[in-house]
2 protein chains.
Amino acid sequence: MKKLKIITSLCISALLLSACGNLGNGGTTPSVGSNKSTKGYQTTGENNSNDYQGVIQDGHYKTSRSRGMGLIQNADNLLNLKSFESGLTTISKEQFSTKQYVFQEGQILSRGTINNWLNRKSKKNPEGLNPSDNGKKGENERNPRYIQQIEEQDYMKQTNGKLQLAGMTIGIGMNKKDYYQKEKYGATFETEISKETRVAEGKKAAQKVLQRVRSKVGNNIPIVIAMFEQSPKDSLVGGSFYAYTVSKSGTDIGTWNETNIKSYVFPATEDNAVPNDNDETSFENFQKQVRNFFPNISNVTGQGQYKDKELQGMSVTITTQFYSQTEITSFTQFVAQAAKSYLPGGIPLDIRINGSNGETQAFVSTNGSKGSGYYTHVFSSY
Amino acid sequence: MKKLKIITSLCISALLLSACGNLGNGGTTPSVGSNKSTKGYQTTGENNSNDYQGVIQDGHYKTSRSRGMGLIQNADNLLNLKSFESGLTTISKEQFSTKQYVFQEGQILSRGTINNWLNRKSKKNPEGLNPSDNGKKGENERNPRYIQQIEEQDYMKQTNGKLQLAGMTIGIGMNKKDYYQKEKYGATFETEISKETRVAEGKKAAQKVLQRVRSKVGNNIPIVIAMFEQSPKDSLVGGSFYAYTVSKSGTDIGTWNETNIKSYVFPATEDNAVPNDNDETSFENFQKQVRNFFPNISNVTGQGQYKDKELQGMSVTITTQFYSQTEITSFTQFVAQAAKSYLPGGIPLDIRINGSNGETQAFVSTNGSKGSGYYTHVFSSY
């Protein structure tokens with residue numbers, strides 16, 4: 001079987017030849033390109049074939065040309081960054097098989113380019129995708145910034161012993177609320193952007209971005225463009241992708257597909273009901289069991305992702321004060337049993353168990369596939 | 001097969017009968033006692049048969065009668081608390097099979113009792129196990145406190161439908177250094193305690209503790225007494241158990257067994273060499289690979305536990321600034337590959353991958369048994 005893995009470089013060290021033997025046998029087998037011609041780069045290997053391998057060049061990870069922009073673009077709510085990038089990878093997997101493509105952090109769009117695109121259009125910045133400042137300060141009179149973030153992901157294939165760009169995904173994060181100050185260091189105001197405007201402005205921006213990217217990478221590779229709705233800054237979940245399109249070639253934007261994916265907080269509130277009441281009941285039953293396990297209350301919160309009315313995955317955080325290591329072990333067992341009994345089954349589920357200082361002490365997880373069971377882990381310390 | 005699990009109580013809810021069916025099939029099967037007579041208590045269930053089930057009474061975990069003492073006793077170095085309790089459970093497993101015994105947090109010794117025992121002997125506190133204050137302030141003139149912590153673990157068996165105490169483990173934590181102030185709120189001084197003194201004082205205390213516990217629980221159950229050396233407060237690893245004994249019955253203390261277990265920090269320093277140079281080389285190679293994966297440095301530290309010169313387990317923490325979710329995924333894959341290639345194999349291994357804010361973002365783990373592979377997990381967020 002052909003391999004691109006990090007093994008190749010590791011095996012150069014004669015000392016480690018025996019260890020490398022084991023490596024080759026462990027885990028699933030990647031099938032990207034040919035093993036003969038891996039000079040210059042390696043990949044991160046993979047933990048399972050559902051994840052992309054990433055690119056290592058000369059022993060270092062090939063970081064994005066716009067590295068760090070994500071943190072800046074999402075400074076108001078970092079949950080958006082996680083949702084944005086996980087979601088972008090999920091959409092990419094539908095177009096670019098993890099078995100055939102290697103993931104590379106965006107190498108075409110530099111930090112400067114993305115920065116210019118995200119800024120307002122002006123004489124100095126003709127490339128700005130956000131509308132020019134009309135000088136007004138009123139919440140509904142000013143021109144809001146519609147576009148909050150842009151990120152590029154590259155999908156590579158091996159041709160003639162070299163990794164070549166074979167696909168690209170571009171995520172565009174659209175504001176639901178645009179935050180601004182009327183004066184420097186002043187109070188923060190917000191301009192609400194209607195769904196119609198957001199979608200329409202997003203389509204316009206996507207067309208421009210496609211044209212500009214095509215001028216850099218040519219007309220032949222497929223380019224996925226995915227539209228993300230940013231969460232407001234006080235949200236306890238990140239935003240979600242509402243649409244994507246695949247441009248097969250040239251500047252034809254393709255057909256927009258709606259995803260109907262959205263994240264919700266558990267427990268639900270009146271203002272923030274989840275699409276399926278049964279899930280809320282399940283969560284509340286789980287919460288009730290776990291909350292009063294110790295004499296001190298355990299705090300249980302969750303995030304769920306829905307596609308239409310169907311729960312796709314859930315992430316739960318439990319925080320409690322532990323008084324001993326044995327309490328952590330017992331609690332973890334109990335949480336796993338309670339999750340099996342109460343939480344919705346057949347979906348990926350992550351439960352973090354944190355101590356009162358916020359450090360993760362243990363966790364419970366399932367990928368939701370049949371017969372995969374619940375994995376529990378208590379972090380060790382010597 | 002007979003079961004004591006939480007299932008029993010969960011199944012009372014008719015709604016959940018189907019879920020309970022699955023529960024019964026999932027995981028390994030416990031074989032503690034009879035299912036017929038589980039009134040009044042349940043157990044936490046178990047994630048695998050190598051862990052004890054804990055006791056739940058009326059829906060709440062049966063916490064220790066001295067709950068909270070561990071945090072106070074180990075205030076100077078909380079790593080001691082983890083090492084102490086994990087080690088105590090490990091020693092107990094040799095005497096009390098996880099398949100036959102249920103774990104219960106100590107119910108015999110109250111907080112007040114343990115507090116009195118740990119204090120100095122005085123007219124007011126005749127039960128104090130630490131020597132009376134001789135009034136002197138000099139580091140080598142004063143009477144140091146030899147005993148820092150005491151913890152009880154109960155091991156239960158089911159008899160006539162009731163859980164009954166069938167074994168007990170008592171850990172006694174002995175100071176290597178006793179910290180003290182010469183005046184209130186003054187500077188901290190320390191009295192060093194030699195190994196000989198520590199061992200001898202420990203044996204004396206163990207004999208007294210055994211007698212006192214026997215007067216409470218009778219002569220018939222086996223009582224394990226395990227002696228722990230506390231780590232100094234600036235140590236980056238917890239202390240370790242240096243000896244234990246099993247009193248089969250009565251006040252016969254039994255024969256002391258030395259464990260030769262000790263924890264070490266990686267990377268080693270001149271003052272703090274690990275028992276096996278190869279392990280240090282392995283760790284440094286791993287560290288070198290991981291450290292420079294990103295343009296920013298990743299900090300890699302470890303703890304290892306040795307029995308004589310043989311590594312028993314390792315816990316590694318990697319801290320780095322991530323700039324994106326995709327970086328976390330790629331890094332986790334890489335760390336798993338590097339761990340397989342460089343770190344010692346065949347032992348339990350835990351690698352935490354923390355972001356710069358200290359939050360655990362992902363982890364890699366193996367239990368070290370043949371064919372068990374390396375488990376990797378990136379925490380999800382929606």
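The values are calculated or read from the model by the stated rules, or taken from the named source; none is laboratory data. Quantities reported herein were computed from a predicted structural model and do not represent experimental measurements. Cβ placement follows ideal geometry from the backbone for every residue including glycine, while neighbour counts extend to all protein chains displayed.
Out of the residues in region B:67-87 that are at the interface with another protein chain (Cβ under 8 Å from one of its Cβ atoms) and closer than 18 Å to B:ASN116 by Cα, which is modelled with the highest pLDDT? Step by step, filter region B:67-87, then rank; the result is B:ARG67. In region A:344-368, the residues that are under 24 Å from A:THR326 (Cβ atoms) reach residues that are surrounded by 18 or more Cβ atoms within 10 Å (Cβ to Cβ) and of a type in the set (Lys, Arg) with C-beta atoms within less than 7 angstrom, at least six apart or across chains, in these pairs: A:THR360/A:ARG352; A:PHE363/A:ARG352.
Counting only residues that are aromatic (Phe, Trp, Tyr) and either under 13 Å from A:ILE150 (Cβ atoms) or touching a residue at least 60 places away in the same chain (Cβ under 8 Å) (or both), region A:59-92 holds 1 of them. If you go through region A:315-330 one residue at a time, do you hit one that is facing another protein chain (nearest Cβ under 10 Å) and of a type in the set (D, E, K, R)? Checking region A:315-330: at least one residue is facing another protein chain (nearest Cβ under 10 Å) and of a type in the set (D, E, K, R). The single condition among (1) touching a residue at least 12 places away in the same chain (Cβ under 8 Å); (2) surrounded by fewer than 20 Cβ atoms within 10 Å (Cβ to Cβ); (3) over 24 Å from A:TYR41 (Cβ atoms); (4) touching a Ser or Thr at 6+ places or on another chain (Cβ under 9 Å) that A:GLU190 does not meet is (4).
No other residue among B:GLY135, B:GLY70 is among the small types (Gly, Ala, Ser), out of contact with any strand residue (DSSP E or B) (no Cβ under 6 Å at 6 or more places or on another chain) and on the phi > 0 side of the Ramachandran plot apart from B:GLY135. The number of residues in region B:233-251 that are within 14 Å of chain A (Cβ to nearest Cβ) and among the aromatic types (Phe, Trp, Tyr) comes to 1. Tell me yes or no: at least one residue of region B:91-100 is of a type in the set (D, E, K, R) and at the interface with chain A (Cβ under 10 Å from one of its Cβ atoms). No.
Taking only region B:52-101 into account, find how many residues are hydrophobic (A, V, I, L, M, F, W, C), more than 21 Å from B:LEU163 (Cα to Cα) and buried (at least 18 other Cβ atoms within 10 Å of the Cβ).
Matching residues across region B:52-101 total 6.
Inside region B:211-269, residues that are of a type in the set (Asp, Glu) and over 25 Å from B:TYR179 (Cα atoms) make up a count of 2.
A:LYS99: modelled with pLDDT of 95 or more and touching a Pro at 6+ places or on another chain (Cβ under 8 Å), yes or no?
For A:LYS99, the condition - modelled with pLDDT of 95 or more and touching a Pro at 6+ places or on another chain (Cβ under 8 Å) - is not met.
Yes or no, residue by residue, for (1) outside the structural domain of B:VAL335 (by TED's automatic domain parsing); (2) in contact with a Gly (Cβ under 7 Å, 6 or more places away or on another chain):
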site	(1), (2)
B:ALA205	yes, no
B:LYS248	yes, yes
B:GLY254	yes, no
B:PRO275	no, no
B:GLU280	no, no
B:PHE293	no, no
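For region A:161-192, a tally of residues being part of a strand (DSSP E or B) and among the basic types (Lys, Arg) returns 2. The numbered conditions (1) crowded, with 23+ Cβ neighbours inside 10 Å; (2) within 7 Å of another protein chain (Cβ to nearest Cβ); (3) closer than 19 Å to A:SER380 by Cβ are all true for A:GLN337 except (3).
Going through region B:340-375 one residue at a time, which ones are hydrophobic (A, V, I, L, M, F, W, C) and either in a strand (DSSP E or B) or at the interface with another protein chain (Cβ under 10 Å from one of its Cβ atoms) (or both)? Those that are hydrophobic (A, V, I, L, M, F, W, C) and either in a strand (DSSP E or B) or at the interface with another protein chain (Cβ under 10 Å from one of its Cβ atoms) (or both): B:LEU343, B:LEU349, B:ILE351, B:ILE353, B:ALA362, B:PHE363, B:VAL364. Restricting attention to region A:339-354, the residues being within 22 Å of A:ILE297 (Cα to Cα) and either among the basic types (Lys, Arg) or modelled with pLDDT under 95 (or both) number 3.
Let's see how each residue does on (1) under 26 Å from the mean Cα position of the chain (by Cα); (2) outside any helix (DSSP H, G or I):
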site: A:PHE283; (1), (2): yes, no
site: A:PHE293; (1), (2): no, yes
site: A:GLN303; (1), (2): yes, yes
site: A:VAL316; (1), (2): yes, yes
site: A:GLN321; (1), (2): no, yes
site: A:PHE331; (1), (2): no, no
site: A:VAL335; (1), (2): no, no
site: A:ALA338; (1), (2): no, no
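The set of residues in region A:94-117 being of a type in the set (A, V, I, L, M, F, W, C) and under 21 Å from A:GLN158 (Cβ atoms) consists of A:PHE96, A:VAL102, A:PHE103, A:ILE108. Looking only at residues of region B:219-248 that are farther than 15 Å from B:ASP154 by Cβ and among the β-branched types (Val, Ile, Thr), we find that the one that is surrounded by the most Cβ atoms within 10 Å (Cβ to Cβ) is B:VAL237.
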